[in-house]
Amino acid sequence: MAGADVIPDPMEITLVIAKIGLVLLVILTLAAYLVFAERRILAWIQDRKGPNRVGPFGLLQPLADLIKLLTKEDFCPPAGDRWLFFLAPAMAAIPAIMTFAIVPFGAPVRIFGRDLPMQVADLHVGLLLFMALSSIAVYGVALGGWASNSKYALLGSLRGLAQLISYELSMGLSLVPTVMLARSFRLSDIVAAQEGGWFILYQPMAFAIFLVSILAECKRIPFDLPEAEGELVAGFHTEYSGMRFGLFFVGEYINILVLGGLAATFFLGGWQGPLLPGLLWFWGKVLAFAFLFIWIRGTLPRLRYDQLMHLGWKVLTPMALVNILATAWWLYLAGSSPL
Amino acid sequence: MRVIDDMTAILTGLWTTWKHILRRPVTIQYPEEKRIPSPRYRARIILTRDPDGGERCVACYLCSAACPVDCISMQAEEGEGGRRRAAWFRINFSRCIFCGFCAEACPTMAIQMTPDYEICRRDVMDLVFEKEDLLVEHCGKDPEYNFYRHAGIGVTQPRGEGEGEKPTVDVRGLMP
Amino acid sequence: MIPEALKNELKARVAAAVTNREAAVDVMKRLQAHYGWLTDEGVHESAEILGMTTLQVEELATFYEMIYRRPVGRRVIHVCDSISCWAMGGESLMAHMAGHLGIGVGETTSDGVFTLLPCCCLGNCGEAPTMMIGDTLYGRLDSARAGQLLEEERAAVMGEMEGGR
Amino acid sequence: MPKLIIDDIAVEAAEGVSVLEAAKSVGITIPHFCWHPALGRAGACRVCAVKLLDGPVKGIQMSCMLPAQEGMVVSTTDPEAVALRRQVIEWLMINHPHDCPVCDEGGECQLQDFTIACGHGTRRFVGPKRTHVNQELGPYISHEMNRCIQCYRCVRFYQEYAGGSDFGVMGSAGKVYYGRFESGQLESPFSGNLVDICPTGVFTDKTARFRARYWDYDMAPSVCPGCSVGCNITPVARYRELLKIVARRNDMVNGWFICDRGRFAPKGVNAPSRPRTSLVDGVKTGREEAMDALLRRLGEVAELYGEGSIAVVGSTRLSQEGATLLPLLAESISAGALSYGLSAAESRASSGAISMLTLENGASIADVENADCIAIYESDLREEGPMLLLAVRQAWRRGAPVLLVGENSPLEQVRGVGIEAVQLHYMEEAPLAIFERPVVIAGMRHGDPRVMAVLDRSGARVACLFPGPNGHGAALLCAEHGGIPLEEALAKGKVKGLVAVEADIPAELLAGVPFVASLDWRETAAVQAASVVIPTAAWVECDGTYVNFEGRAQRFSRVMKPGLPIKELDPACHPPRIHQGDPPGGDILPSWQVMIEMIRLAGEKVPDGPFSGSWANLTSLDPEGEGEVIRGRCRRDS
């Protein structure tokens, strides 16, 4: 791809912008329908029908939700910090969307006589960017809870902070073996390295740690302690209403998609797969992850806070470290080309 | 091993929920399909009449006393023949929690609950039902019962002619 | 209305008593004898003679079973129904009397001669079963003797009525 | 002082009290019907059975009939006693009708309570029940004989305690009937107590028939405003309407009972014509505007007719709070005359009485009951203090002779309570000196102040019946502040502006006064004649104090919020469609608060509360207590 020292030609820019637009459209739509899918699947798990009133099979429900959220009163608690309060939802949603820029979501296609990678930006430090952006996302939670000036929101955001710091660590550590195997931080390289076999086969432990960590990362049951409606009303977004609440909400679902995509990229060979086109393989894997998240939500209860911290610090992190050492030892024994 | 047990537990849970995904939902599509509740279902409250067609309610205030949300109010008055009746009787269905204590407390079987659960109104004040709205033209669930026939103080029949009563004592009579 | 003479006699009786109340039964009995039973008028007159209220007289009149506040026949038959007489056949005596007179207990014969009443003890337990016709007490009764007594009494009453006429 | 043990509690009983009372003194309630604290025992109902485990008597006994004796060990919970009580109550309930829902006693019924207390919950008897015909007992009391359990309380009260002779018990055995010879109004002036004393619903208050249940009542300890006796009562209100009045026990005043006048007198509080909004020249205004107008016009009167042309008039029914503030109000509007609404004769007699009364020589009702000779001086107690007649009867039953002195003491008054009395012409004829505890009851209506000196010397205790519920308090304040009778003030012709505070002034007295203002809750002649009317809260609608005939200050509490009764409202207005704190017509203050507002508007220093200075000790009166005797504070020689 074009280096930093090359002036990009207009065609290049147009294609990138088109890709950005396409990704945004797909992600936002998918996120909206993911909400709908979650409600339907949870309903089935509970022997209900779920939303089925708006449009055929309730398919227009996301639209109705959107209209409802947009028309609701945009309320800020009088004692809250107004600016931060309004800023926080955006800080939660935007990093999640931005992360998708580095995810390769299909096999490169040939268009207008050039190879066009199905990826917005193939950075050579893609994995690090993902780690950085996921750290920024927590600011939304922290600031939202703090700016609300409400005890529930503050408690929720504090929990969110502590939880994210702990799980970021195990998540990052679980990715180290991947980098060691692929010998690159570039996500397209990581996908390419799995041509012979998905990393999940070599690194089942790392995959398990990563899976648990991303559940905690996107604050899903059984790790939804920052929200914990049974204890904290709605946790960090207790005081939010209308579309600002909607941003937090949609941010969570974009996060599911992004983290699902990354999990597919790191461990399930990304867009690679037999017979079917890469695009389908990729999105199929993403949706499988999304379904898994929903399924888990419909099954498991919420952990207690100390159990959560215990799991993060005392189980996942040491396991990830051991895993790195084991991988390093194995690589050392196997020589320069283990795969 | 504990880890294996825990994993098994989680997987069992996932398997259980998976089975439910495939199961037929129990939801009844309310406005289109309607469930027919059992006759003893506790919904809209009515005031029934005794077999003679008279109002059963004697405004004894027991229902309003039993009501945990204070949604029943009334004023008793003396009707014709010394019969006690409600001058006005009011149930505020916007407060009512349909606990059925009123029907349980009612000594004359006047207040009864019906399976009619569709009592929504656009205006909350329309949920305040007056006696005219509550009073029905039938005996409800106890078609035989007539309080004043058993009460033992006359009113609907001459004294001493109610059910299970001896004729009135003549204090000046000859029999000891 | 009672004759002035009777009124004065009773007033003298009351005056002789330590308290008015102790003469009450005497006064009521005399007025009962006069009217045949103690009429409401009789109660008013007793009250006046005794210097009591009608209620105070009525309390006594309704308490004593031999003061009749309802019309009775010329002879009131009290048949004892308390324990000794009951053990000695008081029940069948009462049934026999009722059957013989053709009336129920507490009723008066259509000719107005007899009223049949139960009574809770005549103080004649030693001669059970026992009954009282008018003011006369009869003991050790059986149905034959009772029937005979009734005929005698009826004849006596008829004689009185003839004489009275 | 015998010591006994009741249910493992050691009790030291007073001499001669029954086991039932001894148990009551330590909080153990043994069910009872025929026993009543004021009437004593009869042993008729058999529900107070207890078992004596040890001591001079053993086995099942009726606790009301058994005097508490040294060494008794009593069990109220012994299975044998419990079983007996349960059987007795079941038997009492056999003939009791099934009509609690339509019985006014339901909810406040001793029979209900004790039936449950005795453990009888379900009727097993299936045979026919005995029934009676009822009698028409007049407009106040309804009769339902079927409910009777033959406890004899009514007759014992009516005939023995109250001396009535037109109501009694007839028949015997299964026919026992409590009633009159024939239907008709009960003659005793204390017949209303049958309602209170009947443990079940044979006698119920006809004036409140079918109106409310006990748990819905608005009730508070109160004092009867009917006369100067100051009987303790509990007014019962619901939906801002005074329904009925029941007696409240105060052994220092009325004991357990009240008179029919206090109980059944027309309830002016409910009168639809009652002033409920402020009026200026007949036009409805707010209270503030009315007070402004009142002060402005008083200023005009003072300007036009000069100093001292304004009179402030209180009354003997004005609470002591209002009466103590009256002089301050008079001062703040520079009134020339202060009157407490007493007529000239009453005023003279009252001032004579309060200058004679001391803590020692004043008589309470208890003194009357314990007297060994009673003289009723120039008084018809049926009018001036009916409850004293009941007290006189108790003394008479114990052998005290009753003397009626003066031409205004009719013999009929004592006939109504079955007393025989001697009539005398002059107080000097009464041989009070030969008795140990003589009491003179003196009426103020026809009283002669000169006789007060005779009474003072006689050595007898004296009960002076002041007019109105607060006549004593008004007379004390009148003496303190130099009040004059209204007739006197008006006779000079100088009064041109008059402020009547709860004062009943005859129309003819008001004829010559150009400006009249009235603060009142009754529609009096003064209210009708007034240019400015400010409504005040009635006695059941505010806290207050009355000083009764013996000089006992008693606090009464607010029973209900002021405001239009729901009955008088447009049915569409109830329930209220908007949320509001005060009910419609509820913006009414007690007269003393109106007076404080006026003093404030007049620019004077506002007192902290109604009672200050020497009256401050009345601030903390307990409405549930016995009251505080304050007589004798104006005696001249002290």
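The values are calculated or read from the model by the stated rules, or taken from the named source; none is laboratory data. Predicted model, so just to flag it, every value in this text is computed and none were measured. For neighbour counting, all protein chains shown are included, and Cβ atoms are generated from backbone atoms with ideal geometry for every residue, glycine included. Surface accessibility is based on the protein's heavy atoms, side chains included, excluding ligands, DNA and RNA. Shrake-Rupley method; radii C 1.70, N 1.55, O 1.52, S 1.80 Å.
Ellipsoid fit via the Cα gyration tensor, chain D: semi-axes of 48, 31, 22 Å, each the root of five times an eigenvalue, largest first. The Cα trace of segment D:346-472 gives Rg and Dmax of 12.8, 36 Å, the first to one decimal, the second as a whole number. Projecting the Cα atoms of A:Pro222, A:Val315, A:Thr29 onto the charge dipole of chain A (Cβ charges, centred on the Cα centre) puts A:Pro222 farthest toward the positive pole. Under the criterion of Cα pairs below 8 Å and six or more residues apart, the relative contact order for segment B:45-155 equals 37 percent. Measuring from label point to label point, each 7 Å out along Cα→Cβ, what is the B:His150 to C:Ser92 span in nm? According to this spin-label approximation, the distance is 4.4 nm.
Stokes-Einstein at 20 °C, 1.002 mPa s, Kirkwood radius from Cα pairs: D for segment B:34-162 in µm² s⁻¹?
On the way: Rh = 15.3 Å.
Diffusion coefficient, whole number: 140 µm²/s.
Size of chain A: Rg and Dmax of its alpha carbons, in Å, are 20.6, 64. When both segment B:77-152 and segment D:236-286 are represented by their alpha-carbon centers, they are found 33 Å apart.
A 1.4 Å probe, protein heavy atoms only, puts the accessible area of D:His143 near 10 Å². Report D for segment C:75-162 in µm² per second (integer): Stokes-Einstein, Kirkwood Rh on Cα pairs, 20 °C, 1.002 mPa s. In µm²/s, the coefficient is 168. Using a 7 Å offset from Cα along Cα-Cβ at D:Leu411, what residues in segment D:422-458 end up with backbone N under 14 Å from the label point? What the label zone holds, given the 14 Å backbone N cut-off, is D:422-425.
With a 1.4 Å probe and every protein chain left in place, work out the accessible area per residue of segment D:3-92 in Å², rounded to a whole number.
Per residue, segment D:3-92 has 43 Å² of solvent-accessible surface.
Count Lys and Arg as plus one, Asp and Glu as minus one, and take only other residues whose Cβ is under 11 Å from that of D:Met93; the net charge is then +4.
Charges were assigned to the Cβ only: +1 to each Lys and Arg, -1 to each Asp and Glu. The resulting dipole of segment A:71-145 about its Cα centre is roughly 160 debye.
Each chain gives up part of its surface: B and D jointly bury about 3100 Å² of accessible area, both sides summed, for a 1.4 Å probe.
Taking the Cβ-Cβ separation of A:Val54 and A:Leu25 as r and a Förster radius of 30 Å, what is the calculated FRET efficiency to the nearest 0.05?
Working: r = 21 Å, r/R0 = 0.71.
It comes out at approximately 0.90.
For B:Glu118, the solvent-accessible surface with a 1.4 Å probe is about 80 Å², rounded to the nearest 10.
Local charge for D:Asp504 was computed over the other residues whose Cβ lies under 9 Å away, with Lys and Arg +1 and Asp and Glu -1, and equals 0. Overall dimensions of the protein assembly as shown, expressed as equivalent-ellipsoid semi-axes from the Cα gyration tensor (√(5λ), whole Å, largest first), are 90, 49, 28. Largest GNM mean-square fluctuation across A:Leu143, A:Leu60, A:Leu211, computed for chain A with C-alpha springs under 10 Å, falls on A:Leu60. The label point for B:Val69 and the one for C:Ala16, both projected 7 Å from the Cα toward the Cβ, are 8.3 nm apart.
Shown for segment D:202-222: residues covered by the partner protein chains by 40 Å² or more of accessible area relative to the chain by itself (probe radius 1.4 Å), namely D:Arg209, D:Phe210, D:Arg211, D:Arg213, D:Trp215.
What is the magnitude of the charge dipole of the protein assembly as shown about its Cα centre, with +1 placed on the Cβ of each Lys and Arg, -1 on the Cβ of each Asp and Glu, and no other charges, expressed in debye to the nearest 20?
Numbers: 124 positive and 148 negative charges, 868 e Å.
I would put it at about 4160 debye.
Only the Cβ atoms of Lys and Arg (+1) and of Asp and Glu (-1) were treated as charged; on that basis the dipole of segment D:3-92 about its Cα centre amounts to roughly 300 debye. The portion of the accessible surface of segment C:1-80 made up by carbon and sulfur, rounded to a whole percent, is 55 (1.4 Å probe; DNA, RNA and ligands excluded).
Based on the reciprocal of the average 1/r between different C-alpha atoms, the Kirkwood radius for segment D:44-157 equals 16.2 Å.
For the pairing of chain C with chain D, what total accessible surface becomes buried, with a 1.4 angstrom probe, in square angstrom to the nearest 100? Numbers along the way, then the final one.
Working: alone 8740 and 26360 Å², together 34210 Å².
Its buried surface, counting both partners, is about 900 Å².
The accessible surface of segment D:3-92, taken with every protein chain in place and a 1.4 Å probe, is 52 percent carbon and sulfur.
For segment B:57-117, what is the per residue volume of the convex hull drawn over the alpha-carbon atoms, in cubic angstrom?
Values: hull volume 5.1 nm³, N = 61.
Convex hull of Cα atoms, per residue: 84 Å³.
To the nearest ten degrees, helix A:242-267 and the longest principal axis of the Cα atoms of chain A are 20 degrees apart.
The convex hull drawn around the Cα atoms of segment B:1-100, when projected onto a plane and averaged over every direction, covers 12.6 nm².
Each part gets one Cα centre, and for segment A:158-197 versus segment C:1-54 those centres are 123 Å apart.
Remark: relative contact order (chain D) = 13 percent; criterion is Cα-Cα distance under 8 angstrom and separation of 6 or more residues. Taking the Cβ of A:Ala88 as the center, what net charge do the other residues with Cβ under 15 Å away carry, scoring Lys and Arg +1 and Asp and Glu -1? Here the count lands on -2.
Semi-axes of the equivalent ellipsoid for segment D:3-92, please: Cα gyration tensor eigenvalues, times 5, square-rooted, ordered largest first, whole Å. Walk me through the numbers before you get to the answer.
Working: eigenvalues 71, 48, 22 Å².
Listed largest to smallest, the semi-axes of segment D:3-92 are 19, 15, 10 Å.
Taking the DSSP bridge list for chain D and keeping only pairs wholly inside it, about 55 percent are antiparallel. Taking one quarter of the surface of the C-alpha convex hull of segment D:291-330 gives a mean projected area of 3.2 nm². 3J(HN,Hα) along segment C:105-121, derived from phi through the Karplus expression 6.51 cos²θ - 1.76 cosθ + 1.60 where θ = phi - 60°, amounts to 5, x, 9, 10, 5, 5, 7, x, 8, 10, 10, 9, 10, x, 8, 8, 3 Hz, with x in place of Gly and Pro.
Mean projected area of the Cα convex hull of segment A:121-165, taken over all directions, amounts to 3.4 nm². Evaluate E = 1/(1 + (r/R0)^6) for D:Ser273 and D:Glu360, where r is the Cβ-Cβ distance and R0 equals 35 Å; express this FRET efficiency to the nearest 0.05. In this case the efficiency is close to 0.15.
Comparing A:Glu217, A:Glu73, A:Glu229 in a Gaussian network model of chain A where C-alpha atoms under 10 Å apart are linked, the largest mean-square fluctuation is found at A:Glu73.
Using only the heavy atoms of the protein chains and a 1.4 Å probe, how would D:Glu436, D:Glu568 rank by accessible area, largest first?
D:Glu436, D:Glu568
Computed from protein heavy atoms with a 1.4 Å probe, the total accessible area buried between B and A is close to 1300 Å². Across the protein chains, with a 1.4 Å probe defining accessible surface, the residues B:His150, C:His44 rank C:His44, B:His150 from largest area downward. For segment D:30-66, the residues whose amide N sits under 13 Å from a probe point set 7 Å from the Cα of D:Glu80 along the beta carbon direction are D:50-55, D:57-62.
For the pair B:Val136 and C:Tyr64, label points projected 7 Å from Cα toward Cβ lie 6.3 nm apart. If you take the beta carbon distance between A:Leu70 and B:Ile28 as r and set R0 to 25 Å, what does 1/(1 + (r/R0)^6) give as a FRET efficiency, to the nearest 0.05? It comes out at approximately 0.20.
Coupling constants for segment B:2-7 follow from the phi torsions by the Karplus curve (6.51 cos²θ - 1.76 cosθ + 1.60, θ = phi - 60°), and in residue order they are 5, 4, 5, 4, 4, 4 Hz; glycine and proline get x.
For D:Asp582 and D:Arg123 in the same chain, what is the full-extension length gain: residue separation times 0.36 nm, less their Cα-Cα distance, in nm? Before the final figure, lay out the partial values.
Details: separation 459, 0.36 × 459 = 165.24 nm, distance 4.70 nm.
In short, 160.5 nm is gained.
Between segment A:42-103 and segment D:395-413, the alpha-carbon centres lie 93 Å apart.
Between B:Ile28, B:Cys99, B:Cys67, whose Cα lies farthest towards the positive end of the dipole of segment B:3-118 when Lys and Arg beta carbons carry +1 and Asp and Glu beta carbons carry -1, centred on the Cα centre? After comparing all options, I get B:Ile28.
Run through the DSSP bridge list for the protein assembly as shown and note the antiparallel percent, rounded to the nearest 5. Walk me through the numbers on the way to the answer.
On the way: 65 of 111 bridges.
Approximately 60 percent, going by the DSSP bridge assignments.
Projecting the Cα positions of D:Thr122, A:Leu187, D:Ala442 onto the charge dipole of the protein assembly as shown (unit charges on Cβ atoms of Lys, Arg, Asp and Glu, taken about the Cα centre) puts A:Leu187 furthest along the positive direction.
Only Cα sites of segment A:230-276 enter the Debye sum here, all with the same form factor; the resulting log10 I(q)/I(0) across q = 0.20 1/Å is -0.73, listed in q order. If I fit a long axis through the Cα atoms of helix D:320-332 and take the longest principal axis of the Cα atoms of chain D, what angle between them do I get, 0 to 90°, rounded to 10? With both axes taken from Cα atoms, the answer is about 10 degrees.
I'd like to check one number: the per residue accessible area of chain B, probe 1.4 Å, reported in Å² as a whole number. It would help to have the intermediate numbers written out before the result.
Numbers: 9950 Å² over 176 residues.
Per residue, chain B has an accessible area of 57 Å².
With respect to chain C, whose longest principal axis is taken over its alpha-carbon atoms, helix C:143-164 is tilted by about 40°.
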